[in-house]
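The values are calculated or read from the model by the stated rules, or taken from the named source; none is laboratory data. Treat the numbers as computed from the prediction; the structure is a model and nothing was measured. Cβ atoms come from the backbone with ideal geometry, glycine included; neighbour counts cover every protein chain shown. When the accessible area is computed, the model is the full protein with side chains, heavy atoms only, and any ligands, DNA or RNA have been set aside. Shrake-Rupley method; radii C 1.70, N 1.55, O 1.52, S 1.80 Å.
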Amino acid sequence: MITLIPRIIWNIVIYTKPVSDFLLYQNYAVNISKGIYHIFDKSYLVFPFKFGYPLILGYIYKVFGAFEWTTKIMNISLSIVLALLIYNICKYLFDNKVGIIVSFLFAIWPAQIMFTSVLASEHLFMVFFIASILIFLKIIDGHYSNAKIFYIIILGINLTLAQLIRPISVILFPPFIIYLFLFNKNIHLKKLSRKAFIILLITISFMSFNIFINHLVSNKIHVSIAKSSSGYNLLIGTNFKYSGKYNSDDASILKEYNYDYKKVHSEAFKRAYKRIISEPIMFLKLIEKKFVIQWASEDYGIYWSTVKLNRAFPENINIIKFRKYFNLFSLTIYLIYIIFAILGIFCCYKQNRNNYYVILLLIMIEFVISFTFLEVQSRYHYPVVPFFIIMAGYGFNNIKQFLKVS
């Protein structure tokens, strides 16, 4: 109820109009619901992952209708599912009490509450992404048996669906491998051959479902959605003038190469590489700027949910007027989460608990390294905040003990 009520209130009060990529999602999803697969924005040819979310949304529209509240109810429902998934992860990492604290912290996460009114792919992506971590914990926990094969198959499906929506689910493979071989203390998984076999099965499961879904989708849209490249994002992320943020100068490469997937990403990578090599000192200064933009702001929730509010309604005028205070509140809560997350990590290390939390740390480190090079905006740190919240919950739970020790 704590997760549900504030999100319902926000969605009733705020009439969020889809803009930018969100508008493209909406338009293509409506087309899909009508059985039209061949009309889409040209940029989708360069970024095939953009097909994923509107394809799923289109079939939801086909069943429930392409109404504003269809996506609102879906986003709110996904938030509740995400809260439950995070709770169950905490039961593995810590205990039931910490799970309740973390679920509460997630429920009152301001930016996520505001973001539920936005037609964004992150809501659905995060469910599959977090579910993949929970399933992996089930695989490595306890005895190795035939039931693990079932979980491995389900993990492959989840990773594929997450990758279909946003092409970053593969970022989970390195933490899974590193944890399994270097940090796992489970006696039943002690043999290297068993660990290697688990990774092999997960990879086969992921690749098989990826090929299968790509075959189904490509037959309809005649574009392969299995491929992805970071060349374009690297070009944007190395632009000194625009601090690694989206800009029309670099974006012009799409038209320059007529939205050709290989040419755009290949040339973008060459230009980005040249920037880094020719001016390494400038690139180091850029990294500092990008870090602040990426990690020291929590404005995406209020920005994207109110960017196109109709000023004709008096209640909207008040929201627009106090938007900076909403943003300040979001940032304050976010910073509190980070502070207590640092405390939580310290307590995990000192108390020598089961080291499942290392998986979360590895994922966080990967995100920080990735966005050192790639395009940045505050919204892109959204997938990592649940990990901050999980560690913050453990920090909250141990605050008394920490103060006594201090």
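Take the residues of segment 288-302 that are without any contact (Cβ under 8 Å) to a residue 40 or more places away in the chain and either in a helix (DSSP H, G or I) or surrounded by 15 or more Cβ atoms within 10 Å (Cβ to Cβ) (or both): which is nearest to the chain's Cα centre (by Cα)?
Initial filter on segment 288-302 (without any contact (Cβ under 8 Å) to a residue 40 or more places away in the chain): 288, 292, 296.
Filter again for either in a helix (DSSP H, G or I) or surrounded by 15 or more Cβ atoms within 10 Å (Cβ to Cβ) (or both), leaving 288, 292.
Numbers: GLU288: 22, VAL292: 19 Å.
Among residues in segment 288-302 that are without any contact (Cβ under 8 Å) to a residue 40 or more places away in the chain and either in a helix (DSSP H, G or I) or surrounded by 15 or more Cβ atoms within 10 Å (Cβ to Cβ) (or both), the one nearest to the chain's Cα centre (by Cα) is VAL292.
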List pairs: first residue in segment 106-131 and under 19 Å from LEU309 (Cβ atoms), second residue open to solvent by less than 10 Å² (accessible area, probe 1.4 Å) and of a type in the set (Lys, Arg) anywhere in the structure, Cβ distance under 8 angstrom, at least six positions apart or on different chains. ILE113/ARG7; THR116/ARG7; THR116/LYS72; SER117/LYS72
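Restrict the check to segment 189-208 and report whether at least one residue is closer than 24 Å to TYR53 by Cα, open to solvent by 80 Å² or more (accessible area, probe 1.4 Å) and not hydroxyl-bearing (Ser, Thr, Tyr).
Residues of segment 189-208 that are closer than 24 Å to TYR53 by Cα, as a first pass: 202-208.
From what is left, the residues that are open to solvent by 80 Å² or more (accessible area, probe 1.4 Å) are 204, 207.
Of the ones still in play, those that are also not hydroxyl-bearing (Ser, Thr, Tyr) are 204, 207.
Yes: segment 189-208 contains one or more residues that are closer than 24 Å to TYR53 by Cα, open to solvent by 80 Å² or more (accessible area, probe 1.4 Å) and not hydroxyl-bearing (Ser, Thr, Tyr).
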Residues in segment 248-266 that are closer than 17 Å to LEU45 by Cβ, assigned to a helix (DSSP H, G or I) and without any contact (Cβ under 8 Å) to a residue 24 or more places away in the chain total 6
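This table checks each residue for (1) at positive phi; (2) under 20 Å from the mean Cα position of the chain (by Cα); (3) open to solvent by 50 Å² or more (accessible area, probe 1.4 Å).
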position: ILE2; (1), (2), (3): no, no, yes
position: ILE9; (1), (2), (3): no, no, yes
position: ALA29; (1), (2), (3): no, no, no
position: VAL81; (1), (2), (3): no, yes, yes
Cβ-Cβ under 7 Å pairs, at least 6 apart or on other chains, segment 1-23 side among the aromatic types (Phe, Trp, Tyr), far side open to solvent by less than 40 Å² (accessible area, probe 1.4 Å) and part of a helix (DSSP H, G or I): TRP10/ILE113; TRP10/MET114
From the list LYS227, LYS191, LYS220, pick out the single residue that is over 22 Å from the mean Cα position of the chain (by Cα), closer than 30 Å to LEU254 by Cα and basic (Lys, Arg). LYS220
Of the numbered conditions (1) at pLDDT 85 or above; (2) part of a helix (DSSP H, G or I), SER224 satisfies every one except a single condition; which is it? (2)
So which residues in segment 189-205 are among the hydroxyl-bearing types (Ser, Thr, Tyr) and at pLDDT below 85, if there are any at all? SER193
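Going by the conditions given, is VAL217 exposed (fewer than 15 other Cβ atoms within 10 Å of the Cβ), closer than 28 Å to ILE32 by Cα and touching a Leu at 6+ places or on another chain (Cβ under 8 Å)? Please lay out each step first, then the result.
On the way: exposed (fewer than 15 other Cβ atoms within 10 Å of the Cβ): no; closer than 28 Å to ILE32 by Cα: yes; touching a Leu at 6+ places or on another chain (Cβ under 8 Å): yes.
No, not satisfied.
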Mind checking whether some residue in segment 140-152 is farther than 22 Å from TYR356 by Cα, in contact with a Ser or Thr (Cβ under 6 Å, 6 or more places away or on another chain), in a helix (DSSP H, G or I) and open to solvent by less than 30 Å² (accessible area, probe 1.4 Å)? no
Regarding TYR232, is this residue open to solvent by less than 60 Å² (accessible area, probe 1.4 Å) and part of a loop (DSSP other than H, G, I, E, B)? no
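How many of the residues making up segment 98-116 are of a type outside the set (A, V, I, L, M, F, W, C) and open to solvent by 10 Å² or more (accessible area, probe 1.4 Å)? Before the answer, list the steps.
Within segment 98-116, the subset of a type outside the set (A, V, I, L, M, F, W, C) is 99, 103, 110, 112, 116.
Still in the running and open to solvent by 10 Å² or more (accessible area, probe 1.4 Å): 103.
Of the residues in segment 98-116, 1 are of a type outside the set (A, V, I, L, M, F, W, C) and open to solvent by 10 Å² or more (accessible area, probe 1.4 Å).
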State all residues of segment 235-245 that are touching a helix residue (DSSP H, G or I) at 6+ places or on another chain (Cβ under 6 Å) and either among the aliphatic types (A, V, I, L, M) or open to solvent by 60 Å² or more (accessible area, probe 1.4 Å) (or both); if no residue qualifies, say none. LEU235, ILE236
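Within segment 44-129, considering only helices (runs of 4 or more DSSP H) that don't extend past its boundaries, which have at least 1 residues that are under 25 Å from LEU328 (Cα atoms)?
On the way: elements: 52-64, 68-93, 96-107, 110-115.
So the answer is 68-93, 96-107, 110-115.
Check whether at least one residue in segment 320-333 is of a type outside the set (Asp, Glu), under 17 Å from ILE390 (Cα atoms) and open to solvent by less than 40 Å² (accessible area, probe 1.4 Å), and report yes or no.
Taking segment 320-333 and keeping what is of a type outside the set (Asp, Glu), we get 320-333.
Keeping just the survivors that are under 17 Å from ILE390 (Cα atoms) gives 333.
Next, only the ones that are open to solvent by less than 40 Å² (accessible area, probe 1.4 Å) stay: 333.
Yes, the conditions are met somewhere in segment 320-333.
Test ILE211 against the criterion of being surrounded by fewer than 15 Cβ atoms within 10 Å (Cβ to Cβ), more than 22 Å from the chain's Cα centre (by Cα) and not polar (S, T, N, Q), and give yes or no. Even if it seems obvious, please write down each step before you answer.
Values: surrounded by fewer than 15 Cβ atoms within 10 Å (Cβ to Cβ): yes; more than 22 Å from the chain's Cα centre (by Cα): yes; not polar (S, T, N, Q): yes.
The answer is yes for ILE211.
Scan segment 269-287 and tell me whether some residue there is outside any helix (DSSP H, G or I), under 24 Å from SER121 (Cα atoms) and not hydrophobic (A, V, I, L, M, F, W, C).
Of all residues in segment 269-287, those outside any helix (DSSP H, G or I) come to 279.
Filter once more, so that each one left must be under 24 Å from SER121 (Cα atoms): none.
There is no residue in segment 269-287 that is outside any helix (DSSP H, G or I), under 24 Å from SER121 (Cα atoms) and not hydrophobic (A, V, I, L, M, F, W, C).
Here is a check on your reading of the model: is TYR382 over 30 Å from ALA251 (Cα atoms) and either at pLDDT 80 or above or in a helix (DSSP H, G or I) (or both)?
Spelling it out, it is not the case that TYR382 is over 30 Å from ALA251 (Cα atoms) and either at pLDDT 80 or above or in a helix (DSSP H, G or I) (or both).
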